[in-house]
Amino acid sequence: MLHINLKTVALVAIGMLLTVGLGSCANDPEEPNNEIHDKLHEDPVKMTVQLVECHLHSDWNKIQEQGGPHQNPESPAKFMKKVQEVSYELDKDKGWIPSKGSQKGFFVIRSGDYRIENSFTPAPVYLVFINYYNAKGELINGEFMTNGQENIHQHFFTAENITRATSRALKLGDKVMDYLYVDTDPWDKTVHGDHAKLIGKTNPIGFKGVVRFMQSNVKFDLRIRLYHGYKSKIDPKTKTFSPFDDPAKVLIQRGTWDVNMSIPVVVYLDRETDLDGDNELVMNISDDTDLSTIPEDSLDKEGNRIVHQIMDAFGISWREALEEYVDYTYRGGDVEAGGIWL
């Protein structure tokens, strides 16, 4: 009898374990998506970064609420371009490398710190547009901006390997650039033309941005990184988003980089002192000047310096640099005729 009872107890115990096990499987929470191995977007194999030189129709500090950057119309200049684009492709051995035929880096102008009726309107500023493509050549920006991916992705922009062309060194704490996120909803529309909503302040992602360069005669590498958080891109300690150039250390521990690459940048002129200053170049050269009558180094000290900065930046002759200056300064057309307007 005792033997039979022990068998019965054993069978009942096994049945109870099976019941508990089945119930546990039925009620277990759904496993979250593994963002390390099962991303909800394709990894890009090609990217383009475009800089569009602009003037402002708003205060710099209000761009994220109002918009305002408006393209300066292109001129006939061959080198001093107002719309620049670089293209990079992902090589399995070398990482991100410039695409064949692409411009190798950006040549930009330091913003003048202008104020109009108490509004801070630096000029020029540059709209920044980033596009990613898959192996088929299809634009995949939308994959990072929808289905919750917009909540775990953020671009970061960091100036590295900074050198100055002049003998005066950068001071500790000097910033070479400032950046604002101006992403929109819908992601592929604009504020001015399509009445899109600006979301860069409330959800910074960085497919669209605006940058101003704050030091002249400097060279640096602009590191662009696209952060992919496993759960979020908000700093869990501060409950805020990280600045554009300083991702929180805790985020780096809790995420990965979908993109990590660098683009050379040369700030070769200063808008305030080189292009608006009171010097021989600005005073005496205009659209109809016969440039053949201006021998090399025949301007005053400041004029000669500016022409040589253009020569050095692009590796061109004195005459070519003079032509670039005239084309850029006087032959751009109506300043309000630019087609790109955030």
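Things to note:
- Contact order relative to length of the range 132-283, as percent, for alpha carbon pairs under 8 angstrom and 6 or more apart: 27
- Subtracting the Cα-Cα distance of Q103 and D288 from their residue separation scaled by 0.36 nm leaves 63.5 nm.
- Each of D297 and H195 was given a label point 7 Å from its Cα along the Cα-to-Cβ line. The distance between the two points is 6.2 nm.
- Separation of the Y114 and K92 label points, Cα + 7 Å toward Cβ, nm: 5.1
- Local electrostatic count at G112 - Lys and Arg +1, Asp and Glu -1, tallied over other residues with Cβ under 9 Å: -2
- Computed Rg/Rh of the range 179-226, alpha carbon atoms with Kirkwood Rh: 1.09
- For S262, residues with placed amide H under 5 Å, excluding near neighbours: I224
- Residue-by-residue Karplus 3J(HN,Hα) for the range 106-120, coefficients 6.51, -1.76, 1.60, Hz, glycine and proline x: 10, 10, 10, 10, 5, 6, x, 8, 8, 10, 10, 6, 6, 9, 8
- Between V218 and A165, V267, the built amide H atoms are under 5 Å apart, and every one of these is 5 or more places off in sequence or on another chain.
- log10 of Debye I(q)/I(0), alpha-carbon scatterers only, for the range 63-204 at 0.11, 0.13 Å⁻¹: -0.59, -0.83
- Length added when fully stretched, D185-L139, from 0.36 nm per residue minus Cα-Cα: 14.8 nm
- Spin-label model, H308/Q253: points 7 Å from Cα along the beta carbon direction are separated by 5.2 nm.
- Normalised per residue, the volume of the convex hull around the Cα set of the range 181-312 (Å³): 175
Values in this text are rule-based calculations from the coordinates and carry no lab data. This structure is a prediction, so every number in the text was calculated from the model and none was measured. Reconstructed Cβ throughout: ideal geometry from the backbone, glycine too, with neighbour counts over all protein chains shown.
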